[in-house]
Amino acid sequence: DAKTTQPNSMESNEEEPVHLPCNHSTISGTDYIHWYRQLPSQGPEYVIHGLTSNVNNRMASLAIAEDRKSSTLILHRATLRDAAVYYCILSPHLLGGTSYGKLTFGQGTILTVHP
Amino acid sequence: DTGVSQNPRHKITKRGQNVTFRCDPISEHNRLYWYRQTLGQGPEFLTYFQNEAQLEKSRLLSDRFSAERPKGSFSTLEIQRTEQGDSAMYLCASSPRRTGGGEQFFGPGTRLTVL
């Protein structure tokens, strides 16, 4: 499985934007980039995923580098509820977009949000 | 509540005993996944089902572990002859057919403590 590298921890202030980086220099052409987050004492929660183009949803934006070797999860206005561990995951997909299934989690980035 | 549910939420057992966990996925989700998470680490993939078929098993899943999804709905994970190293959070996730596994919905987990 292709690996990702994330900072161990980051800090932000409430209502400010947060940019969470992820390096994935060995990404293959069939790998989708997924982001999940895990709040304390809860199971992981899907945030966003993409392949080549930048993606937006109600939770966040995903900016993917042109060479796909890095990506950035953007939380536009951090809230206290966004304090969590954020995982950047590569998941290989078959042609047509069906994934192989498993997610390989790393250590993630612990995001602390200050009031 | 229409999310993924897991029972029990907590289980304390003595070494050598057998334990069984249950996962009820979101209705009509055809894929179901099991992960294990130890303190301070990201979740580790154990196995996954598409409908009732078990399509992949991790090397982490020793012969003491068995998972079933007999009718393609709920699933059970059994650990025989538990060891202290089995102490962890066991997470279940499901995904709908339309996303092909790109978005997994996690349950709250079952925390196992082996004394």
Reported set for the stretch A:50-72 where residues are of a type outside the set (Asp, Glu) and more than 12 Å from the chain's Cα centre (by Cα) is A:Leu51, A:Thr52, A:Ser53, A:Asn54, A:Asn56, A:Asn57, A:Arg58, A:Ala65, A:Arg68, A:Lys69
The residue from B:Glu68, B:Glu28, B:Glu52 that alone is surrounded by fewer than 16 Cβ atoms within 10 Å (Cβ to Cβ), at pLDDT below 90 and either farther than 21 Å from A:Pro40 by Cβ or more than 9 Å from chain A (Cβ to nearest Cβ) (or both) is B:Glu28
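Would you point out which residue out of A:Thr30, A:Thr112, A:Thr72, A:Thr26 is surrounded by fewer than 20 Cβ atoms within 10 Å (Cβ to Cβ) and within 25 Å of B:Gln54 (Cβ to Cβ)?
Checking each option against the conditions leaves just A:Thr30.
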Exercise. Right, B:Thr113: surrounded by fewer than 18 Cβ atoms within 10 Å (Cβ to Cβ), modelled with pLDDT under 95, away from chain A (no Cβ under 12 Å) and over 11 Å from the mean Cα position of the chain (by Cα) or not?
Worked result: no
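Would you tally the residues in the stretch A:33-64 being surrounded by fewer than 19 Cβ atoms within 10 Å (Cβ to Cβ) and over 20 Å from B:Met89 (Cβ atoms)?
Count: 11.
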Only unsatisfied item for B:Ala93, checking (1) more than 9 Å from chain A (Cβ to nearest Cβ); (2) in a strand (DSSP E or B), is (1)
Selection from the stretch A:75-92 of residues surrounded by 20 or more Cβ atoms within 10 Å (Cβ to Cβ) and within 14 Å of chain B (Cβ to nearest Cβ) yields A:Ala84, A:Val85, A:Tyr86, A:Tyr87, A:Cys88, A:Ile89, A:Leu90, A:Ser91
Of (1) in contact with a His (Cβ under 7 Å, 6 or more places away or on another chain); (2) small (Gly, Ala, Ser); (3) buried (at least 22 other Cβ atoms within 10 Å of the Cβ), B:Gly107 satisfies every one except (1)
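The values are calculated or read from the model by the stated rules, or taken from the named source; none is laboratory data. Here the structure is a predicted model, which is why all the values come from computation and not from measurement. Don't worry about glycine lacking a Cβ; one is built from the backbone with ideal geometry, like all the others, and counts go over all protein chains shown.
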